[in-house]
Amino acid sequence: MAARTGQSPSVLSDAAQGGHLPPLEIALAYAEACGGDRTEWERRWRAARAGLGTAPAPKRRWPVLAVAGAAALALAVAGALLAKRLVHESPPSDSTGHSSRFFADDDVFNQRHPHPRAAPDSAQLVTGLLALGRVEVRTGEASPVVYRATPSTPTYAVTPRKHLGPWGANPFEGVGFPWDASWKAPPERQWTVVITPDGRSLECWRAQVRDGKPSCEWGAVSHTRGSSVSAKGQATGSGLSRLAGLITRADWKAGHIDHALSFGTPDNNGQYVFPAVTSDGKGQGRWREGQFIWLDRAYDIGADTSLTPYERVIAKALQEYGAFDVKNSEQFTFVSEYGSKPPGTKEDYASLEHVKFAKYLRVGTIAPTS
């Protein structure tokens, strides 16, 4: 929970003790980590504070303990439920997107980063990034398709059709590749990701199905219960999983993204920083894969009435979790799960030109976790 909220374990423990009403920021972080609604828990917190403020002075001790204790009890129960869920939860068993997160809770994509290192040339990097053209969320048929296999899904031996030499050894060697007869390979030049019952992510570039058997042009193997860095092969230029930073159906349905995003830019050079482990950039570009972007909290999202619902969701994600540069791309683009639609859109590319990036977007790096 400390990793999810960015708060220390001692602060969270103190909030659940019941001796006093915790600060609003701590209460909201605690509740949100447990899947609670921020608006509802802020209402409850303010009601509790009002109860404390109106309690008669001679009898203040018991109302204080009662109100604070009730709030703490609710937080403690929510925390216990969260702990139980984190221990027993497995990846979704179908393609409806029941889970909005991939990878272990301490993975860099599942943590807030309150103190990123701002780059000295942050302003120039932002200017160059936005000068490349439109800022978009890639959705619909322009995104990776994610399937979730069951123990009964047939498996096949898969050898990449191309690039086996330049891209290294076969990442699917010794790995049974599940494929259900009802699944369809996406259009040309797209990724297919199959999550196995044990949590592995088999990431397949240009999947084809012939005589009911799948094949891939190339791909990678990652683990949804481990690190976002691919264990075998390569699915992004940075060496990170194709699922890293992917916006899921569950994210759009919840109206809130509970993880960092990923993006691509055509201005990457051949260097990289954490969490990237390699780079497919070339030339003299200013960007290193793995670099971090975020929206400054000086930008009041709630006060910006010009934002559409999906723009608001993206803006909040960039303020709370930020985003990582994971690959070369034709333009500055975020990626959403295949077939998903941000609220209020119909196209496969949802514009993000009105989130005021130019003034509030920042660029920097994240220090590796110890």
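Here are the numbers:
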item	result
Matching residues in segment 349-370 - criterion: being part of a loop (DSSP other than H, G, I, E, B) and open to solvent by less than 40 Å² (accessible area, probe 1.4 Å)	L352, V355, I366
Enumeration of residues in segment 176-231 that are surrounded by fewer than 16 Cβ atoms within 10 Å (Cβ to Cβ) and part of a strand (DSSP E or B)	Q208, V209, R210, K213
Within segment 294-306, tally of residues that are buried (at least 17 other Cβ atoms within 10 Å of the Cβ) and of a type outside the set (F, W, Y)	2
Hits in segment 1-40 (condition: modelled with pLDDT of 75 or more and open to solvent by 50 Å² or more (accessible area, probe 1.4 Å))	H20, P23
Verdict on D325 being more than 20 Å from the chain's Cα centre (by Cα) and not basic (K, R)	no
Top-ranked residue of segment 265-286 - restricted to ones that are in contact (Cβ under 8 Å) with a residue 60 or more places away in the chain and crowded, with 23+ Cβ neighbours inside 10 Å, ranked as nearest to R312 (Cα to Cα)	T265
Odd one out for G344 among (1) small (G, A, S); (2) open to solvent by less than 60 Å² (accessible area, probe 1.4 Å); (3) within 25 Å of Q190 (Cα to Cα)	(2)
Criterion: modelled with pLDDT of 90 or more, open to solvent by less than 70 Å² (accessible area, probe 1.4 Å) and touching a Leu at 6+ places or on another chain (Cβ under 9 Å) - qualifying residue of V146, V108, V137	V146
Checklist (1) open to solvent by less than 50 Å² (accessible area, probe 1.4 Å); (2) at pLDDT 85 or above; (3) not β-branched (V, I, T) applied to G168, failing item	(2)
Qualifying positions in segment 237-266 - under 27 Å from Q284 (Cα atoms), assigned to a loop (DSSP other than H, G, I, E, B) and at pLDDT below 95	G237, T265, P266
Among the residues listed as S238, S201, S228, S215, the single one being of a type in the set (S, T, Y) and in contact with a Gly (Cβ under 7 Å, 6 or more places away or on another chain)	S238
Candidate set: segment 285-299, residues that are basic (K, R) and in a loop (DSSP other than H, G, I, E, B); chosen: the one nearest to the chain's Cα centre (by Cα)	R297
Check on R161, part of a loop (DSSP other than H, G, I, E, B), closer than 30 Å to H113 by Cα, in contact with an Asp or Glu (Cβ under 7 Å, 6 or more places away or on another chain) and not aromatic (F, W, Y)	no
Matching residues, segment 247-284, being within 11 Å of the chain's Cα centre (by Cα) and of a type in the set (G, A, S)	A260, S262
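The values are calculated or read from the model by the stated rules, or taken from the named source; none is laboratory data. Please read all numbers here as calculations on a predicted model, not as lab measurements. Note: ideal-geometry Cβ built from the backbone for every residue, glycine included; neighbour counts use all protein chains shown. For the accessible areas, the whole protein counts, side chains as well, though only heavy atoms, and no ligand, DNA or RNA atoms are used. Shrake-Rupley method; radii C 1.70, N 1.55, O 1.52, S 1.80 Å.
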